[in-house]
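Okay, structure first, notes after.
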Amino acid sequence: MTLTKVTYSMIQGAPVNALDYGAVGDGVTDDTAAIQAANDAAAAAGKNLFLPAGTYICAGLTATTSWYGEIGTTLKYSGTTYIQFIQATSVDNIIFKDLVIDGNCSADPVSWNSSNYNSFTGASGITIISSDNPSIINCHSQNTVQHGFKIDGCTNGLLFGCTTNRSRGSSGDGFYNNSVIGLNIIGCKAYDFTRIGFVVDTYGVSPLTSYDIKMSDCHAEYGHNASILYGGGEYNAGVWMENTANAELVNISIVNMTHRGINLCSGINKH
């Protein structure tokens, strides 16, 4: 998949505007029902969802069509109970583009210790599960519990020009990718996380179901306060690939990790 193909596939017909379904985007109003209704209408019509600039306060949302915003479009989680804030399952060719996702993660402790390193409230960012050709393009996540962006059980995914900032908890990863085939990660950055900047792994199934991974021009910075420091078992790393085959990493920069820069283990043909 190339970025050109993704861009052309995104603009198929006039999109559904979330404002037409009652979304306000004023940073105060609960826009959950309005955005979900707009998504459902767009999906039923075979169209995409457009979220104009604004801050949309929401509880959990289910995406069944592509979503895109513009400069200044932010979706902020309204709750404290952990959820995967925005989730898409079995939606082939789905695209998220030009969105800021705020998981509303609680504040850092004044002094980190074994009782508070994993006590954060809030949500993760965007999660895509069991989909072919998913793409997350020019999106930013911030203040998330666990991952900023997660691609799980998907084929031919694309992460392009995305950034994460402040991922928290014992699984505080910028980008978490699990059991993926044919994933491209291009020009992405992970900053300020409590586990790993970029993860590719296989979890809960036979080994080596993640393969054909290409990662280029990516940066990870400031991995700190991993659970291993407080009695847990997780380290900090910029990139961690495990149970993964045929991975190619080009022009990767890692800055200010507590433990490891790039960790490649339990796989084959990594270079």
Distant-in-sequence amide H partners of Thr73 (H built 1.01 Å from N, under 5 Å): Gly54, Val100
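Quote the relative contact order of the chain in percent (integer), defining contacts as alpha-carbon pairs under 8 Å separated by 6+ residues. Don't jump to the answer; show the numbers that get you there.
Details: 870 pairs, mean separation 29.0, N = 271.
Once divided by the residue count of the chain, the mean separation gives 11 percent.
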Fraction in percent of alpha-carbon pairs per bin - 5 Å, region 12-131: 2, 12, 20, 23, 18, 10, 6, 4, 3, 1, 0
Selected from Ser115, Ser171, Ser131 as most flexible by GNM, with the chain as the system and alpha-carbon contacts under 10 Å: Ser115
Which listed pairs, of Lys97/Lys189; Lys76/Lys214; Lys47/Lys214, have C-alpha distances above 20 Å, in listed order: Lys76/Lys214; Lys47/Lys214
Computed over region 104-168, Kirkwood Rh from alpha-carbon pairs, angstrom: 13.0
Calculated P(r) of region 209-271 - Cα pairs past 15 Å, %: 54
Whole-percent carbon and sulfur share, accessible surface of the chain, 1.4 Å: 49
Rel. contact order, % - alpha carbon contacts under 8 angstrom, at least six apart, region 58-110: 48
Within the chain, helix-based [θ] at 222 nm, where runs of 4 or more DSSP H residues each add -39,500 (n - 2.57), nearest 500: -2500 deg cm²/dmol
Residue-wise HN-Hα coupling along region 52-62, computed from phi with Karplus coefficients 6.51, -1.76, 1.60 (Hz; x: Gly, Pro): x, 3, x, 10, 9, 8, 8, 8, x, 10, 10
Span from the region 169-245 Cα centroid across to the region 86-106 one, whole angstrom: 18
Rounded if a/c under 1.5, otherwise prolate or oblate - the chain, Cα gyration tensor axes: oblate
Degrees, to the nearest 10: 32-44 long Cα axis against longest axis of the chain: 80
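The values are calculated or read from the model by the stated rules, or taken from the named source; none is laboratory data. Since the model is a prediction, treat every value here as computed from it, not as a measurement. With ligands, DNA and RNA removed, areas are computed over all heavy atoms of the protein, side chains included. Shrake-Rupley method; radii C 1.70, N 1.55, O 1.52, S 1.80 Å.
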